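Data block below; observations after.
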Amino acid sequence: GWCPLSPTGAQNTQLLLEPPWTPAVLWDRVTLTCQGSGPSGATTWYKDGLLWWKEKPDQFVVTESGIYKCERPGTGLSPPVHVLKDWLVLQVSTEELLEGDTVTLRCRA
């Protein structure tokens, strides 16, 4: 079976957002891109904890709110990405932040 712990230095599967703001909102026309090892088109997608697409493209435009994850052969499951249908949202950039960093927040309606 698949082991969720990867050796030190191993690459992990990542789920990237475009535009790069979190939480993502449907009205931003969000594109999800799954990055990890394995051939293109070998991505398995999950929505709201359930298998959604198997062996599909690595990228797509979201049309439904939900919690998305992707899985790539060799690097496993990505962390979840929430896509909301809310009309008022406080967003932060998806770049990695450390304590003491200056953060730009967006309040959008």
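General observations
- Some residue of the stretch 78-93 being modelled with pLDDT under 95, more than 11 Å from A24 (Cα to Cα), part of a strand (DSSP E or B) and out of contact with any strand residue (DSSP E or B) (no Cβ under 6 Å at 6 or more places or on another chain): no
- Residues of the stretch 29-48 that turn out to be surrounded by 15 or more Cβ atoms within 10 Å (Cβ to Cβ), β-branched (V, I, T) and within 30 Å of L105 (Cβ to Cβ), as a count: 2
- Residues in the stretch 54-77 that are charged (D, E, K, R) and modelled with pLDDT under 90: K54, E55, K56, D58, R72.
- Residue that is surrounded by the fewest Cβ atoms within 10 Å (Cβ to Cβ), among those in the stretch 54-70 that are in contact with a helix residue (DSSP H, G or I) (Cβ under 9 Å, 6 or more places away or on another chain) and of a type outside the set (A, V, I, L, M, F, W, C): T63
- Residue in the stretch 78-95 that is open to solvent by less than 70 Å² (accessible area, probe 1.4 Å), more than 17 Å from L16 (Cα to Cα), among the β-branched types (V, I, T) and in contact (Cβ under 8 Å) with a residue 60 or more places away in the chain present: yes
- Within the stretch 21-56, tally of residues that are part of a loop (DSSP other than H, G, I, E, B), in contact (Cβ under 8 Å) with a residue 40 or more places away in the chain and not β-branched (V, I, T): 2
- Single residue of L5, L26, L51, L17 found to be at pLDDT 80 or above, hydrophobic (A, V, I, L, M, F, W, C) and open to solvent by 80 Å² or more (accessible area, probe 1.4 Å): L51
The values are calculated or read from the model by the stated rules, or taken from the named source; none is laboratory data. The model shown is predicted, which means the values in this text are computed figures rather than measured ones. Here the Cβ is made from the backbone with ideal geometry for all residues, glycine too, and neighbour counts use every protein chain on show. Keep in mind that these areas ignore ligands, DNA and RNA; they rest on the heavy atoms of the full protein, side chains included. Shrake-Rupley method; radii C 1.70, N 1.55, O 1.52, S 1.80 Å.
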